[in-house]
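Enquirer: Please find one structure pasted underneath; my questions will follow.
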Amino acid sequence: GGTMKRRAGEREKELKKKKLLEELGENRLPYLTPADADFHQLWKTKYSKLIFRKSDTVPEELHQMVQESFLTLREHNCFFQDLVRIKGKDFLTPVSRILIGNPGCTYKYLNTRLFTVPWPTEGSDIKYCSPQIHDACKALMRLNDYLHIEAVKALQGQNLYETKEIKDTTVIDREQSFATSLTERGSVSKDQSSVCIPEDDRSLKHRTSYNLTLLNYMDPLQMVYLKQEPYFGMGSMAVSWHHDENLVERSAVAVYSYSCEDAAVQESNEQELKGRDPAVWHVGLKVAWDIETPGLAVPLHQGDIYLMLDDLNMTHQHCVLAGLSPRFSSTHRVADSSRGTLEYILGRCELALQNLQTDSDSMALSLKSLESAVVKQVEEIHNEVEFEWLRQFWFQGKRYLKFTDWWLKPMAKLEEFWRKLEIMTSLVLSEVRKEQQIEEQRNETISCFLLLLKERQKLRKEWIER
């Protein structure tokens, strides 16, 4: 049911996109940059849940640690292009990535599951391949803690501001400078998608407790081709328009940007340039499926931070517009870990194996129950272990061994469980062949069992082709 809904949602999005582009024809929607007079006002009314922190607001020591960690990871060849699956076809991402976060955590996007390189959390025993990798992971954990505090403060500030605005309809000074506009807590006008209600600290903490960061790296000058932004004519994109996937609902996303700017890549004179400066990296924002509201292109420089608060990731889409210099970013997320942690999948395996018993005398294995609901649950777990974990892990190669061998033992344990699940499948087959089974129960078991076996066969064929 979930797969069908997801496919229907994807089809609907594709139709919307096609319709939008057809309506636009050769015309492009307007978008604003800081050089435009209405930029600040548009930000306040339509994009107020985007919060910006210029690099000089961040402690210098943190900048140094984080930027060194990026360079260390690049020197150790730790960034990889992901092979992702879109509409049944595989594509290499233009951006190279690595996932760092809580031990045992994973993050799935575009049908590809990434496994965290664990950062050194308190009490964890993680062996890294080199002290430099350890230090890099530790620096990113420090950045994670800092961004968590910043996100809580930003949400608290926005809630207070909005509560005050609702009470006394505060008039906002429209002539604020760009810097003030960028670093303010945010405000909501009547056209904003929703109004926040003050919430307790637990909810704020839950929606800002980042459990991982997806690190990105790209050198645009090494790219043969970059897709052009289709709606506004914003120029070359490093990352196309999207909502971030697989996140806790209404959780904040925090991004630290580091473009390796040098004297050769200086910002052009904005007065002479129409639109965004193609030499400078930008984050682009638009209201999802809206052809009325102008887009925003916000420049990103060394050490700048931006936060996407509350439901901004659902109501709006964002893209990353490439500059000329290489750029790193650390994108901190509260990944939905309900089905994406090692603890979860080990628990699922234990649940499935409850239906397997060993005869104390002969040591022969048999199934406790052949009820269709039990068989269905076990075979679903079998598919989940194989296709969501084992094949996903080994599919992207042994990239994680550049950092640590942390995942090898858990994967060996999951393979052991998988072998037992294979035995359980063969036991179901041999049981349903026996004639003493009650026909109605037997047919019901075979019916649900065959569906899952067909699904397994189809997925194995797909993975072999990949």
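The values are calculated or read from the model by the stated rules, or taken from the named source; none is laboratory data. It should be emphasised that the depicted structure is a prediction, and the values quoted were computed from it without experimental measurement. Glycine gets a Cβ as well: all are built from the backbone with ideal geometry, and neighbour counts include every protein chain shown. These accessible areas exclude ligands, DNA and RNA; they are computed on the full protein's heavy atoms, side chains included. Shrake-Rupley method; radii C 1.70, N 1.55, O 1.52, S 1.80 Å.
Enquirer: If you take the residues of the range 288-297 that are surrounded by fewer than 23 Cβ atoms within 10 Å (Cβ to Cβ) and in contact (Cβ under 8 Å) with a residue 12 or more places away in the chain, which of them is nearest to M411 (Cα to Cα)?
Expert: This residue is A288.
Enquirer: Among all residue pairs at least 6 apart or on different chains, which show Cβ distances below 7 Å where the first residue, located in the range 75-98, is touching a residue at least 12 places away in the same chain (Cβ under 8 Å) and the second is open to solvent by less than 40 Å² (accessible area, probe 1.4 Å) and small (G, A, S)?
Expert: So the pair list comes out as F79/S96; F80/S96; Q81/S96; P94/A238; V95/A238.
Enquirer: Would you mind finding the one in S325, S362 that is over 19 Å from the mean Cα position of the chain (by Cα) and assigned by the TED database to the domain that holds I133?
Expert: It is S325.
Enquirer: A follow-up question, please. If the requirement is being closer than 27 Å to A37 by Cα and at pLDDT 95 or above, which of these qualifies: S257, S251, S193, S209?
Expert: S257
Enquirer: Related question: Of the residues in the range 377-404, how many are of a type in the set (D, E, K, R) and modelled with pLDDT of 95 or more?
Expert: The total comes to 6.
Enquirer: Now, a different point. Do we have F403 as within 27 Å of W119 (Cβ to Cβ), open to solvent by 20 Å² or more (accessible area, probe 1.4 Å) and either in contact with a Gly (Cβ under 8 Å, 6 or more places away or on another chain) or not acidic (D, E) (or both) here?
Expert: No; evaluated as a whole, the condition is false for this residue.
Enquirer: Can you confirm whether F417 is crowded, with 16+ Cβ neighbours inside 10 Å, of a type in the set (F, W, Y) and farther than 30 Å from L99 by Cα?
Expert: Considered against the rule, which asks whether it is crowded, with 16+ Cβ neighbours inside 10 Å, of a type in the set (F, W, Y) and farther than 30 Å from L99 by Cα, F417 comes out as no.
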